[in-house]
Amino acid sequence: MKEEFLHFIWQHRLYDVVRLMTTDGDGITVMQTGFLNRSSGPDFSEARIRFGQTTWAGSVEIHLRSSDWYAHGHDSDTAYDNVILHVVYDHDREVTTTLGDVIPTLELRGRIRKAFLLKYAQLQKSKSEVPCAKSLSDIPPIVWRSWLDRVLTERLERKAGEVELHLKHQEGHWLQVYYTLLAGYLGGNWNKLPMVELARRVPLRILGLYKDDSLKREAILLGTAGWIPHHSADPYVKLLQREFEHLRNKHSIEPLQQLWKTGRIRPDNAPVHRIVQLSGLCAEIEEAFEQLIEHGTYDWRNVSLSRSDFWDRNLGFAIPRRNKNERISQSVSDLLAINVHAPLLFQYGLHTGDVGLRERAIEGLRSVAPENNVVVRNWAKWVGRPESAADTQALLELNTCYCTPKKCVICNVGRSIISRA
């Protein structure tokens, strides 16, 4: 049993309230359970408890055992001096505040329905990727839908927090943040970090100087990333070498030291190809950002990327190209819409106080096709095929933050299953 289970039981009064009394035999009435606190300090604040004829207002602390009060150091923490009731599953010792005052204790052992305990234990012992998989068909659609919507918002809030970190690092320069995010997600799971570092070493303000010169953009990015071959007779490569040396000295750029991953990566996802794509994106990035903020969406598939003729024939320095046209693929466009556009819009809305932008971020996800990965395919077996990326993003968040760590009593679906036991 985890403390969060007792939080759930206390918060929803899922215990026997008949002849409720402290471990000292004093009768009590719970007037108000209080508000769950997810930060530091007592578990519930602003509770109201009647002891006999006297009503007390203050905090409630919850533990599995009374002695956990001392194990957690609450006896020496003044933040817990306003606790008016200690709620535990097992009472094994008296507890006191820093002032030495004894805190009344309510023991819940024997007061929680066995059906609740059994269902909770089943969920915690489940070997399934989704502990409640067998019970999902019994969940009312409105409960399921509303919870997915809530979890999607949580995911966007979390990802928006990452955008905010970039914004602070870039001193409020939104275009640089957009460029950095695009670089990172073009790198994929394999090369996200070196691509982000590349965007830091070669900021957008420098690339903007060469908006109409694809050779210079490619030289400075490929050279900083360490991808220009040292020995090559190809005229384009020789131009890259010469341009990079000039631009490196002009802008005092330090080459990247991070290692790139190339093993088991398809040519379309290889670092050189992605860096050339990033170079092409940079020529349109200002227009893209303006359209994104104004309309809530931007489709990179509609953009013909600016690049040198060499890349009409090659995917890499030693990889020939079959298709001459260079546009962002559907899969990459969706990737950017999900992982860059939606969080960026959401955070921009939070930053400016524009609620409409946050709604557009969610609507944008609903217009993108559902993702296809192992987690999503597993969920499809139990809840059916998701309709859009909004659903799959919610399912990924649900899986990561609730199902895998078995936070069933924090999840509205898990709570519904336990409370109906």
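The values are calculated or read from the model by the stated rules, or taken from the named source; none is laboratory data. Quantities reported herein were computed from a predicted structural model and do not represent experimental measurements. Counting neighbours? That spans all protein chains shown, and the Cβs are built from the backbone with ideal geometry, glycine included.
Limited to the stretch 108-142, what total is found for residues that are of a type in the set (D, E, K, R) and touching a strand residue (DSSP E or B) at 6+ places or on another chain (Cβ under 6 Å)?
1
Matching residues to (1) within 30 Å of residue 420 (Cβ to Cβ); (2) acidic (Asp, Glu); (3) surrounded by 12 or more Cβ atoms within 10 Å (Cβ to Cβ):
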site	(1), (2), (3)
17	yes, no, no
74	no, no, yes
96	no, no, yes
102	no, no, no
107	yes, yes, yes
110	yes, no, no
Just checking, does the stretch 127-145 include any residue being under 30 Å from residue 267 (Cα atoms) and free of Cβ contacts under 8 Å to residues at least 24 places away in the same chain? no
Of the residues in the stretch 1-15, those that are buried (at least 16 other Cβ atoms within 10 Å of the Cβ) and assigned to a loop (DSSP other than H, G, I, E, B) come to 14, 15
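For the stretch 353-400, which fully contained helices (runs of 4 or more DSSP H) count at least 2 residues that are of a type in the set (A, V, I, L, M) and in contact with a Phe, Trp or Tyr (Cβ under 9 Å, 6 or more places away or on another chain)?
Values: elements: 355-366, 374-383, 389-398.
Per the criteria, 355-366, 389-398.
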Does at least one position in the stretch 199-214 carry a residue that is surrounded by 24 or more Cβ atoms within 10 Å (Cβ to Cβ) and within 30 Å of residue 349 (Cα to Cα)? yes
Somewhere in the stretch 235-253, is a residue within 20 Å of residue 305 (Cα to Cα), assigned to a helix (DSSP H, G or I), modelled with pLDDT of 95 or more and among the basic types (Lys, Arg)? no
Looking only at the stretch 81-109, which residues are closer than 12 Å to residue 24 by Cβ, β-branched (Val, Ile, Thr) and part of a strand (DSSP E or B)? 102, 105
Just to be sure before I move on: is residue 221 at pLDDT 95 or above and over 19 Å from residue 159 (Cα atoms) in the structure I sent? yes
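Within the stretch 312-343, track down each residue that is touching a residue at least 60 places away in the same chain (Cβ under 8 Å), crowded, with 16+ Cβ neighbours inside 10 Å and touching a Lys or Arg at 6+ places or on another chain (Cβ under 9 Å).
Answer for the stretch 312-343, where residues must be touching a residue at least 60 places away in the same chain (Cβ under 8 Å), crowded, with 16+ Cβ neighbours inside 10 Å and touching a Lys or Arg at 6+ places or on another chain (Cβ under 9 Å): 332, 339, 342, 343.
Taking the condition over 17 Å from residue 255 (Cβ atoms), at pLDDT 95 or above, among the hydroxyl-bearing types (Ser, Thr, Tyr) and in a helix (DSSP H, G or I), does residue 179 pass? Steps first, answer last, please.
Numbers: over 17 Å from residue 255 (Cβ atoms): yes; at pLDDT 95 or above: yes; among the hydroxyl-bearing types (Ser, Thr, Tyr): yes; in a helix (DSSP H, G or I): yes.
Considered against the rule, which asks whether it is over 17 Å from residue 255 (Cβ atoms), at pLDDT 95 or above, among the hydroxyl-bearing types (Ser, Thr, Tyr) and in a helix (DSSP H, G or I), residue 179 comes out as yes.
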Evaluate the following for residue 272: is it touching a strand residue (DSSP E or B) at 6+ places or on another chain (Cβ under 8 Å), hydrophobic (A, V, I, L, M, F, W, C) and either outside any loop (DSSP other than H, G, I, E, B) or surrounded by fewer than 19 Cβ atoms within 10 Å (Cβ to Cβ) (or both)? yes
Mind listing whichever residues of the stretch 302-311 are in contact with a Lys or Arg (Cβ under 9 Å, 6 or more places away or on another chain), surrounded by 12 or more Cβ atoms within 10 Å (Cβ to Cβ) and part of a helix (DSSP H, G or I)? 311
